[in-house]
1. Dipole size in debye (nearest 20) for the range 65-119 around its Cα centre, Lys and Arg Cβ +1, Asp and Glu Cβ -1?
2. Cross-link list LYS6/LYS129; LYS109/LYS129; LYS42/LYS70: which exceed 26 angstrom alpha carbon to alpha carbon?
3. Over the range 95-160, how many percent of alpha carbon pairs lie in each 10 Å bin up to the one with the longest distance?
4. May I ask for the percentage of alpha-carbon pairs in the range 65-119 that lie more than 16 Å from each other?
5. Applying the Karplus parametrisation 6.51 cos²θ - 1.76 cosθ + 1.60 with θ = phi - 60° to the phi angles of the range 17-28, what ³J(HN,Hα) value in whole Hz is obtained for each residue in order, glycine and proline being reported as x?
6. Between the helical axis of 65-75 and the dominant principal axis of the chain, each derived from Cα atoms, what acute angle in degrees is found, rounded to the nearest 10?
7. For the range 33-160, how big is Rg over Rh, using alpha carbon atoms and the Kirkwood form of Rh?
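What follows draws every value from the coordinates through simple rules; no lab data is involved. Small disclaimer: the values here were computed from a predicted structure and weren't measured. All Cβ positions, even for glycine, are placed from backbone atoms using ideal geometry, and neighbour counts span all protein chains on display.
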Amino acid sequence: MREDEKVILAIRVRGIARVRPQIEDTLDKLLLGRVHQARIIKTTPSMQGMITKAKDFITWGVPSEEVIEKLLTKRGRVPGNAHLTDAYVKKNSSHSSVKALAKAIASGKASVTDVEGLKPVFRLTPPTKGFRGTKYLPIGMGGITGDRGEGISELALRMI
């Protein structure tokens, strides 16, 4: 992994009302078509450009290894809408368990697509006790969209 690449968790927090077609297309390319969908992304320059373009509809940050593991075990889905298990990971990838996969993803050595059949999008619930901020403003102005940094882990835990 290069220096400028890192693993981020992107969550869509706003719906489709008043979305320009170009931004809607970008959100579809990011596989964030609906509200409360999340995706673990390696930030290549092209992905970073798409995230910047869709910044008013998503929130993102660097998740902890524990959050990635919990996201995979609780919200990871395989064909037939079954939960992701250690046995499935061992059979369909080079990793021995979900914990080993989460550690590899957090360090940037693996991705969700390394497990054959694992869906790349995680469906989350609305956060417990709601979002803390105005829906239409960025994080720096008291809103919910934009780069949260390490704070994405806290939000993700409330949504898992």
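1. Numbers: 10 positive and 6 negative charges, 24 e Å.
With only Lys, Arg, Asp and Glu charged at Cβ, the dipole is about 120 debye.
2. Values: LYS6/LYS129 30 Å; LYS109/LYS129 35 Å; LYS42/LYS70 19 Å.
Distance filter (> 26 Å) returns LYS6/LYS129; LYS109/LYS129.
3. So the P(r) values, bin by bin, are 18, 39, 29, 14, 1.
4. Values: 410 of 1485 pairs.
For the range 65-119, the fraction of Cα-Cα distances above 16 Å is 28 percent.
5. In residue order, the calculated couplings are 5, 6, 9, 5, x, 5, 6, 4, 5, 5, 5, 5 Hz.
6. Long axis of 65-75 versus the principal axis of the chain: about 80 degrees.
7. On the way: Rg = 14.9 Å, Rh = 15.3 Å.
That ratio equals 0.97.
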